[in-house]
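Enquirer: Below is one structure. I have some questions about it.
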Amino acid sequence: MSQIKNRPAASRVRGRLPSVEVKITGIQGNVATFGSPGPADDAWRRQLKAAFGTVSDAFVDMSLQHLLRAARMPEGGASELAINGALAHVASFAPRNEMEAALAVQSACTHMVIMVMLARIGGGHGGPHRLPGLGSTAAKLLRASCSQIETFRRLRGGGGDQNIRVEHVHVHDGGQAIVGAVTRGPEARG
């Protein structure tokens with residue numbers, strides 16, 4: 001087997017660094033505190049800001065709280081695995097500012113909820129009478145996810161909008177018309 005196939009996926013992609021990760025250091029009430037999984041807290045904080053495309057510590061903290069709430073399973077606690085997966089999802093958008101990061105966070109949260117819904121459908125939770133409702137909810141969430149990704153694509157790339165200008169020109173019998181842009185030369189402006 002090739003050595004490239006044995007490497008982590010992030011190292012197979014040229015120029016792409018592994019995603020930043022967090023360690024949950026405590027939860028009090030509904031608010032978690034996060035720390036660096038390694039010793040260099042300042043470097044870790046810079047990596048987090050880069051992953052969210054921001055210079056704001058408050059925006060990073062708020063975004064992490066949103067991801068954590070979406071990553072919680074019903075009757076389950078906080079999951080470092082889930083939040084780090086969500087961080088990788090956000091980083092894959094490579095947001096350049098807070099607006100793009102907000103869309104990336106929404107997309108990550110929606111993705112996590114979709115996976116929970118699909119797991120419930122697959123596990124038969126709630127019996128057959130709940131399956132149509134779960135299926136409908138999952139379908140709506142999948143459409144929302146596609147819409148979020150399309151919105152991000154349009155925000156980032158301009159969306160390939162087409163502008164069509166329709167002009168009507170009526171030329172009656174005996175009249176003359178010029179079709180196209182007409183500019184006057186300097187000698188004609190006189």
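Coordinate-derived values only; no laboratory data. All values derive from a computational prediction rather than experimental measurement. Every residue, glycine among them, receives a Cβ derived from its backbone with ideal geometry; neighbour counts consider all protein chains shown.
Enquirer: Give the residue list of trypsin sites (Lys or Arg not before Pro) in segment 51-107 that are DSSP loop and have at most 12 other beta-carbon atoms within 10 angstrom.
Expert: Numbers: sites: 69, 72, 96; in loops: 72, 96.
Hits after loop and neighbour filter: 96.
Enquirer: Could you grab the Rg to Rh ratio for segment 20-158? Cα atoms only, Kirkwood for Rh. Before the final figure, lay out the partial values.
Expert: Working: Rg = 16.2 Å, Rh = 16.0 Å.
A ratio of 1.01.
Enquirer: Output ³J(HN,Hα) for segment 97-102: one whole-Hz value per residue in order, computed from phi by the Karplus curve 6.51 cos²θ - 1.76 cosθ + 1.60 with θ = phi - 60°, and x for Gly and Pro.
Expert: Once rounded to whole Hz, the list reads 7, 5, 5, 5, 5, 4.
Enquirer: Taking the mean number of other Cβ atoms within 10 Å as a proxy for protection, how do you rank 100-113, 19-32, 44-57 from highest to lowest? All intermediate terms of the calculation are to be shown ahead of the outcome.
Expert: Numbers: 100-113: 21.5, 19-32: 13.9, 44-57: 17.5.
Sorting 100-113, 19-32, 44-57 by mean packing, highest first, produces 100-113, 44-57, 19-32.
Enquirer: At 0.36 nm per residue, minus the direct Cα-Cα distance, what do residue 144 and residue 66 gain on full extension? Give it in nm, one decimal, please. Kindly include the intermediate steps, with their values, before the conclusion.
Expert: On the way: separation 78, 0.36 × 78 = 28.08 nm, distance 1.74 nm.
Roughly 26.3 nm would be gained on extension.
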